[in-house]
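Structure record follows, encoded as structure tokens.
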Amino acid sequence: MDEGSNNKARLTVCSATPDDRLEGFAREFGSVLKRYFERRCAGPEIAQDLVQEVYVRLAARADTGEIENPRGYLMQTAASVFTDFLRKKHSHRQTFHVEFEESTHSPEGFSPQRVLEGREAVKRVIEVLETLPPRTRQIYLLCRVDGMKRREVASRLRISVSGVDKHLMAAAKRIGLAFGDTE
């Protein structure tokens, strides 16, 4: 955008009502903002939600007529919105969330037989874990139950990452054998 068109945008923004200014921003920058978010690995629905959040923040600003560089301001706001989105996603552990599926999560899916099978499977895993050498059990629980990364466990226990991998493979093999996995 050259200096002349930037001044034109600034003048147009200054002479409009707040609602008109928001509509103008949406018309002029909506697709740019959506592409910005989509390129950052946000799906189309999430990208649209993030674009709306940019507009919400813009609407909360009392003096939108005073924005000298609307595109720069909106892109800076978009960057801030995306940073907040990532922070929330991380703090709420959203990568571990599972979508609700009627067949898997409905109360009807939890028949007494299924509940009993689940409890027996948990007992079997606990029994296998109790038979593992203490170090292997500790490493398995740190990685698979506590969710620690292999590198963190290696550092904490002062062993190599490949040592952690060997313990995890031994534990997985024993658990697999308990469930009839012969490989």
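Observations
- Top-ranked residue in region 42-68 [being out of contact with any helix residue (DSSP H, G or I) (no Cβ under 7 Å at 6 or more places or on another chain) and not in a helix (DSSP H, G or I); ranked as modelled with the highest pLDDT]: 43
- Those residues of region 155-171 which are free of Cβ contacts under 8 Å to residues at least 12 places away in the same chain and either among the aromatic types (Phe, Trp, Tyr) or assigned to a helix (DSSP H, G or I) (or both), in sequence order: 155, 161, 162, 163, 166, 169
- Members of region 167-183 that are within 30 Å of the chain's Cα centre (by Cα) and loosely packed, with under 14 Cβ neighbours inside 10 Å: 169, 172
- When each of 116, 142 is tested for being at pLDDT 90 or above and not small (Gly, Ala, Ser), the lone residue that passes is 142.
- For region 148-183, the set of residues classified as touching a Lys or Arg at 6+ places or on another chain (Cβ under 6 Å) and more than 22 Å from residue 124 (Cα to Cα) consists of 161, 164, listed by residue number.
- Among the residues of region 145-154, those identified as assigned to a helix (DSSP H, G or I) and either surrounded by 14 or more Cβ atoms within 10 Å (Cβ to Cβ) or touching an Asp or Glu at 6+ places or on another chain (Cβ under 6 Å) (or both) are 150, 152, 153, 154.
- Filtered by the rule that a residue be at pLDDT 70 or above and of a type in the set (Phe, Trp, Tyr), region 83-109 gives a lone residue, 85.
The values are calculated or read from the model by the stated rules, or taken from the named source; none is laboratory data. Because the structure is a prediction, the values reported are computed rather than measured. All Cβ positions, glycine included, derive from the backbone under ideal geometry; neighbour counts span all protein chains shown.
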